[in-house]
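Reviewing the structure listed below.
The values are calculated or read from the model by the stated rules, or taken from the named source; none is laboratory data. The structure displayed is predicted, hence computed values, not measured ones. Note that we place each Cβ from the backbone using ideal geometry, even for glycine, and neighbour counts take in every protein chain shown.
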Amino acid sequence: MTGPTARRPCGDGANQFTGSIWIFGDDVDTDAIIPARYLNTSDPQELAKHCMEDADPEFPGKVRPGDILVAGKNFGCGSSREHAPIAIKAAGVSCVIAVSFARIFYRNAFNMGLPILECPEAVREAGQGDTFSVCLETGEIHNVTRGRSYQAAPVPPFMIELLQSGGLMGYVKKRHLWESRS
């Protein structure tokens, strides 16, 4: 779906994000997302201070809560470090939209509670600084700046629940507490 369209409501709004976008290219590896020299900590706030600094030295100081990363193909390739989605999420990024994701990054992102969507059309037509509005439930991405809408695959309900729990560990804790009360 491209061009001006009537927008569908996004559930209760909890799975909708609006923010300025930051554009990165193809094959952004986990070492560019969070350089190995910072892997001596697992503190999310410390990792956030160095998120994407090798790809764009200005990013850690300029990213704002709710901003959205937009990238080309194979985002998150390289090592399977969980620090990468943790750093992105802790930097305040609300979600990542890419042409495609490395398989292990895709899994780690959801496990760490970082929403991601694949949408080549939205990436292709994005401009640095554009504002995107994203609905995970419907998969709709709206480029507010350009007045264009795109369709990604909606995030399945189970994955929405995983994200709302803060990731896999939060989901497991929540389920365990619920089951122990039954």
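If I filter region 74-91 for residues that are polar (S, T, N, Q) and either at positive phi or touching a strand residue (DSSP E or B) at 6+ places or on another chain (Cβ under 6 Å) (or both), do I get at least one hit?
yes
Does ALA98 count as modelled with pLDDT of 95 or more, surrounded by fewer than 22 Cβ atoms within 10 Å (Cβ to Cβ), touching a Leu at 6+ places or on another chain (Cβ under 9 Å) and not β-branched (Val, Ile, Thr)?
So ALA98 fails the test.
Please find, within region 15-54, the residue that is surrounded by the fewest Cβ atoms within 10 Å (Cβ to Cβ) out of those that are touching a helix residue (DSSP H, G or I) at 6+ places or on another chain (Cβ under 9 Å) and aromatic (Phe, Trp, Tyr).
Taking the candidates together, the pick is TYR38.
Would you tally the residues in region 47-76 being part of a loop (DSSP other than H, G, I, E, B) and among the hydrophobic types (A, V, I, L, M, F, W, C)?
Result for region 47-76: 4.
Would you please name the residue that is surrounded by the most Cβ atoms within 10 Å (Cβ to Cβ), looking only at residues in region 70-84 that are within 18 Å of GLN45 (Cβ to Cβ) and touching a residue at least 40 places away in the same chain (Cβ under 8 Å)?
ALA84
I need the helices (runs of 4 or more DSSP H) fully contained in region 79-182, keeping only those with at least 2 residues that are among the hydroxyl-bearing types (Ser, Thr, Tyr).
In region 79-182, 168-181 are the helices (runs of 4 or more DSSP H) which contain 2 or more residues that are among the hydroxyl-bearing types (Ser, Thr, Tyr).
Just to verify a result, which residue in region 145-165, among those that are more than 20 Å from VAL99 (Cβ to Cβ) and loosely packed, with under 15 Cβ neighbours inside 10 Å, is modelled with the highest pLDDT?
Residue satisfying both the conditions and the ranking: GLY147.
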